[in-house]
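Each remark here refers to the structure printed beneath this line.
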Amino acid sequence: MLALEALTNRVGELAKTVGVFIRQEANHFDSSKIEHKGANDLVSYVDKEAEKLIVKGLKKILPEAGFLTEEGTELANLTDLYWVVDPLDGTTNFLHGLPVFSISIGLIQNDNVVLGVVFEVNKAECFTAYKGGGAFCNQKRISISPIKALKESLIATGFPYSLLDKKDNYFEIMKSLQVSSHGLRRMGSAAVDLCYVACGRFEAYYEFNLNPWDVTAGILIVQEAGGIVTDFKGEYTSLNGLEILAAGNIHQQVLSTIQKYW
Ligand code: 2AM
Ligand code: CA
């Protein structure tokens, strides 16, 4: 049996330490240091260095676990116990000097997320959860928004980088939700979007075509805060991030809108 509470605390401390590094680098970052992984897919030495620090720390905390990491510091090793790491979620914000970016670390045991930590660097908010233990922000218990009406809700989304043949469908969903809610927000860090659903700042968040490291930790944090996370069919989402809808009480209302146009 993993001692999940103690593990979560140690991972939270690690994320905060690496967050200090990222924040320092943010103060003197210049755009000549940006590399392109693909169109719109940016990375810097900060992502890579932060990932090395995280992997080193996690190996000390739980030597037997494998890794799935965005920058590939470790070869993917998806055994019955592995970490899923995004060292910098919201890289585009970071590179443009915008404030919303985070570290996201999840732990998967036998295909279930059992631990999630998201550290939002600029507000220094550490969101944590472990399976069955509730969700927390800086050690204080958090829960989803009590709001039940779509028209009183604030909804987060992203603009997917690859829309394939779904571009018009996606914009129809956005149009519909925009006029029937308090509005839409596009923060640029999926991990932060999920945590903001968990603590009730957003009533819902949906996106398409993400990667596992963007969503793994945040999914558990939403669930432990009382929220629902599904794909666009309304079924439990596997952790690939391809379709994700996370919400509290308005889950069914947003799902219906998505399904009308998807
Ligand atoms: P990243 O910053 O770690 O790359 C923003 O809506 C979300 O999309 C972020 O979580 C961001 O993660 C992710 N993202 C950024 N570029 C992407 C790309 N080219 N393909 C898929 N997801 C991307
Ligand atoms: Ca990243």
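The values are calculated or read from the model by the stated rules, or taken from the named source; none is laboratory data. What you are looking at is a predicted structure, and each value in this text was computed from that prediction instead of being measured. Cβ atoms come from the backbone with ideal geometry, glycine included; neighbour counts cover every protein chain shown. The area values use the complete protein model at the heavy-atom level, side chains included, leaving out ligands, DNA and RNA. Shrake-Rupley method; radii C 1.70, N 1.55, O 1.52, S 1.80 Å.
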- Message: I'm trying to understand the selection: among the residues of the stretch 40-73, which are small (Gly, Ala, Ser) and more than 16 Å from ligand 2 (Cβ to nearest atom)?
- Response: 57, 65, 66
- Search result, residues across the stretch 134-148 that are more than 20 Å from residue 250 (Cα to Cα) and assigned to a strand (DSSP E or B): 136, 137, 140, 141
- Sole residue being farther than 18 Å from residue 216 by Cα and more than 18 Å from the chain's Cα centre (by Cα), chosen from 57, 66, 19: 57
- Give just the number: which of (1) polar (S, T, N, Q); (2) surrounded by 24 or more Cβ atoms within 10 Å (Cβ to Cβ); (3) at pLDDT below 95 does residue 216 not satisfy? (3)
- Query: Here are some residues: 69, 79, 73, 92. Which one is surrounded by 12 or more Cβ atoms within 10 Å (Cβ to Cβ), in contact (Cβ under 8 Å) with a residue 12 or more places away in the chain, farther than 23 Å from residue 8 by Cα and of a type outside the set (Lys, Arg)?
  - Reply: 92
- Exactly one of (1) part of a helix (DSSP H, G or I); (2) in contact (Cβ under 8 Å) with a residue 60 or more places away in the chain is unmet by residue 256. Its number? (2)
- Residue count, the stretch 139-171 (criterion: farther than 16 Å from residue 245 by Cα, away from ligand 1 (no atom under 16 Å from the Cβ) and either hydrophobic (A, V, I, L, M, F, W, C) or surrounded by 14 or more Cβ atoms within 10 Å (Cβ to Cβ) (or both)): 4
- Taking only pairs six or more apart or across chains, which ones have beta-carbon atoms under 8 Å, a first residue in the stretch 9-37 that is in contact (Cβ under 8 Å) with a residue 24 or more places away in the chain, and a second residue that is surrounded by fewer than 14 Cβ atoms within 10 Å (Cβ to Cβ) and part of a loop (DSSP other than H, G, I, E, B)? 16/124; 19/124; 26/97; 29/97
- Total residues in the stretch 135-186, condition touching a residue at least 60 places away in the same chain (Cβ under 8 Å) and basic (Lys, Arg): 2
- Item | Close pairs from the stretch 40-52: first under 17 Å from residue 85 (Cβ atoms), partner open to solvent by 70 Å² or more (accessible area, probe 1.4 Å) and more than 11 Å from ligand 1 (Cβ to nearest atom), Cβ under 9 Å, at least 6 apart | 43/35; 44/33; 44/35; 45/33; 45/35; 46/33
- Message: For the condition closer than 24 Å to residue 132 by Cα and without any contact (Cβ under 8 Å) to a residue 24 or more places away in the chain, what is the one hit in 237, 230?
- Response: 237
